[in-house]
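Asker: Just dropping this structure here.
The values are calculated or read from the model by the stated rules, or taken from the named source; none is laboratory data. Just so you know, these numbers come straight off a predicted model, no measurement behind them. Virtual Cβ from ideal backbone geometry, glycine too; neighbours counted across all protein chains shown. Calculation scope for accessible area: heavy atoms of the full protein, side chains included, ligands and nucleic acids excluded. Shrake-Rupley method; radii C 1.70, N 1.55, O 1.52, S 1.80 Å.
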Amino acid sequence: MSSASVVRSLIEKYPNGQIFTYDDFKCDKAAVAIELSRLYKKGAIQKLTRGRFYKAAQGMFGPIRPTEEAIVQAYQKAGQGYETGIMAYNRLGLTTQIPSVIEIATTMEPRTIMIGNTKIKLVRQRSVPKKTNAQLLQILDALRQVKKIPDTIPSEVLVNIKGIIMLLSDVEKKELSKLTLDFTPRTRALIGAILEELDCKKYTDAIKQSLNTTTTFRLGIKESVLKYGREWKIL
């Protein structure tokens, strides 16, 4: 079977709205590019952005674009990324606000992309994200931006995040403590205080050693919200 036939056969199996790239075809890349270009010119597939295509159902006003979720998943796959920002905090239950911009933390070059009416902002991530640690990185992003999350206050964010971390497995808590070391000192201090409160002090030694003992973090957090906050210089 020729490369063109392989490409056409696979595309026929794709559901409408699924986004695919050259890398999704185990064929000669030059042959794949030629066939996708031919199918696009023929109208058999649609182009989302450079190098990204999809099959589209026909709506009243023309081809129907992929959903926002499908677009996010495509960029996450391409850049080993994960959803962050207000949408991620909404999914974590930290805010009720729905954003107008979708943010993806990724290893790709930071930029903003418009796809139809959807604005996607690619932001640089400190750690190399994996599918298995996406939620952990979202937790750390939320703590890093604890004062900027809309429709809430830092104390409420911390209460909710403590509840999320409490439900993590021991392996996930250990991984969280390691990932924390790539984040800001304040984020590290918050995670250290939370882990200590959840009887996971065994994972806090490296975090504490990474912090300047004279630095304080003023968030207006009461001891009733963060039991060991003062020990971690969180005021």
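Asker: Around Lys119, which amide H atoms from residues at least 5 apart in sequence, or from another chain, sit under 5 Å from its own amide H, with H modelled in the peptide plane?
Answerer: It is Ile102, by chain and number.
Asker: Calculate the length of the line joining the C-alpha centroid of the range 77-113 to that of the range 202-230, in whole Å.
Answerer: So the two Cα centres are separated by 27 Å.
Asker: Something else about it: Of the listed peptides 204-213, 31-40, 58-67, what is their order by residue-averaged count of other C-beta atoms within 10 Å, with the highest listed first? Intermediate results must be reported in sequence, preceding the final value.
Answerer: Details: 204-213: 13.5, 31-40: 16.3, 58-67: 11.9.
Going by the mean number of other Cβ atoms within 10 Å, highest first, we get 31-40, 204-213, 58-67.
Asker: In the chain, with Lys and Arg counted as +1 and Asp and Glu as -1 at Cβ, which of these residues, Thr95, Ser5, Ala105, has the Cα nearest the positive end of the dipole, that is, farthest along it?
Answerer: Value: Ser5.
Asker: How large a share of the accessible area of the range 62-153, in percent, is made up of carbon and sulfur atoms when the probe is 1.4 Å and the other protein chains stay in place? All intermediate terms of the calculation are to be shown ahead of the outcome.
Answerer: Numbers: 2250 of 4750 Å².
The computed percentage sits at 47.
Asker: Show the residues, 5+ positions off or on another chain, whose built amide H is closer than 5 Å to the amide H of Thr84.
Answerer: Answer set, sorted by chain and number: Glu103, Ile104, Ala105.
Asker: To the nearest 20 debye, what is the magnitude of the charge dipole of the range 105-184 about its Cα centre, counting +1 on the Cβ of each Lys and Arg and -1 on the Cβ of each Asp and Glu?
Answerer: Numbers: 14 positive and 8 negative charges, 52 e Å.
Here the range 105-184 has a charge dipole of around 260 debye.
Asker: Using a basic spin-label model with each label point 7 Å from the Cα along Cα→Cβ, how many nm lie between Arg230 and Arg50?
Answerer: It is 5.8 nm.
Asker: Add -39500 (n - 2.57) for each DSSP H run of 4 or more in the chain, then divide by its residues: what number comes out at 222 nm, to the nearest 500 deg cm²/dmol?
Answerer: Working: 9 runs with 97 residues, N = 235.
Calculated from helices alone, the mean residue ellipticity at 222 nm is -12500 deg cm²/dmol.
Asker: Same structure, new question: Please compute the per residue accessible area over the range 107-175 with all protein chains in place, 1.4 Å probe, rounded to a whole number of Å².
Answerer: Working: 3830 Å² over 69 residues.
Here the residues of the range 107-175 average 56 Å² of exposed surface.
Asker: Positive end of the charge dipole of the chain (Lys, Arg +1 and Asp, Glu -1 on Cβ, about the Cα centre): tell me which of Ala33, Asn212, Thr152 has its Cα farthest that way.
Answerer: Ala33
Asker: Another question about this same structure. Taking every DSSP beta bridge with both residues inside the chain, roughly what % is antiparallel (nearest 5)?
Answerer: Roughly 70 percent of the beta bridges in the chain run antiparallel, per DSSP.
Asker: A follow-up question, please. Quick one: of Lys26/Lys55; Lys130/Lys227; Lys77/Lys121; Lys121/Lys162, which pairs are farther than 21 Å apart, Cα to Cα?
Answerer: Details: Lys26/Lys55 19 Å; Lys130/Lys227 32 Å; Lys77/Lys121 15 Å; Lys121/Lys162 28 Å.
Check vs 21 Å cut-off fails for Lys130/Lys227; Lys121/Lys162.
Asker: Shifting gears a bit: Just to confirm my numbers, what's the Cα centroid distance between the range 42-58 and the range 157-198 in Å?
Answerer: 42
Asker: Any idea how far apart Lys13 and Lys130 come out in nm if each label point goes 7 Å out from Cα toward Cβ?
Answerer: Using points 7 Å along Cα→Cβ, the separation is 2.8 nm.
Asker: Given +1 on the Cβ of Lys and Arg, -1 on the Cβ of Asp and Glu, and no further charges, what dipole in debye does the chain carry about its Cα centre, rounded to the nearest 20?
Answerer: Numbers: 38 positive and 23 negative charges, 120 e Å.
In total the dipole reaches around 580 debye.
Asker: Cα to Cα, under 19 Å, and not fewer than 8 places away if on the same chain: which aspartates and glutamates meet these conditions relative to Lys148?
Answerer: Glu83, Glu103, Glu156
Asker: Need the full-extension length gain, Gln97 to Glu68, defined as separation in residues times 0.36 nm minus the C-alpha distance. One decimal, nm. Walk me through the numbers before you get to the answer.
Answerer: Values: separation 29, 0.36 × 29 = 10.44 nm, distance 1.68 nm.
Value of the extension gain: 8.8 nm.
Asker: Suppose each label sits 7 Å from its Cα in the direction of the beta carbon; what would the Asn117-Asp170 distance come out to in nanometres?
Answerer: 5.1
Asker: Counting only heavy atoms of the protein chains, get the accessible area per residue of the range 25-64 (1.4 Å probe) and round it to a whole Å² value. Could you put the intermediate results ahead of the total?
Answerer: Working: 2570 Å² over 40 residues.
Computed with neighbouring chains in place, this is 64 Å² per residue.
Asker: Same structure again: Let's test the formula: R0 of 45 Å, r as the Cβ-Cβ distance of Glu223 and Lys42. What FRET efficiency results, to the nearest 0.05? Provide the component values of the computation, followed by the final result.
Answerer: Details: r = 67 Å, r/R0 = 1.49.
Rounded to the nearest 0.05, the efficiency is 0.10.
Asker: Using a 7 Å offset from Cα along Cα-Cβ at Phe61, what residues in the range 87-125 end up with backbone N under 16 Å from the label point?
Answerer: What the label zone holds, given the 16 Å backbone N cut-off, is 115-119.
Asker: Identify which of the listed values of Rg and Dmax of the Cα atoms in Å was calculated from the structure shown: [x] 16.0, 45; [y] 17.8, 56; [z] 22.0, 68.
Answerer: The listed entry that was calculated here is [z].
Asker: What list of ³J(HN,Hα) values in whole Hz, one per residue of the range 176-193 in order, does the Karplus curve 6.51 cos²θ - 1.76 cosθ + 1.60 (θ = phi - 60°) give from phi, with Gly and Pro shown as x?
Answerer: Result, rounded to whole Hz: 4, 5, 6, 5, 4, 5, 8, 9, 5, x, 5, 4, 4, 5, 5, 5, x, 5.
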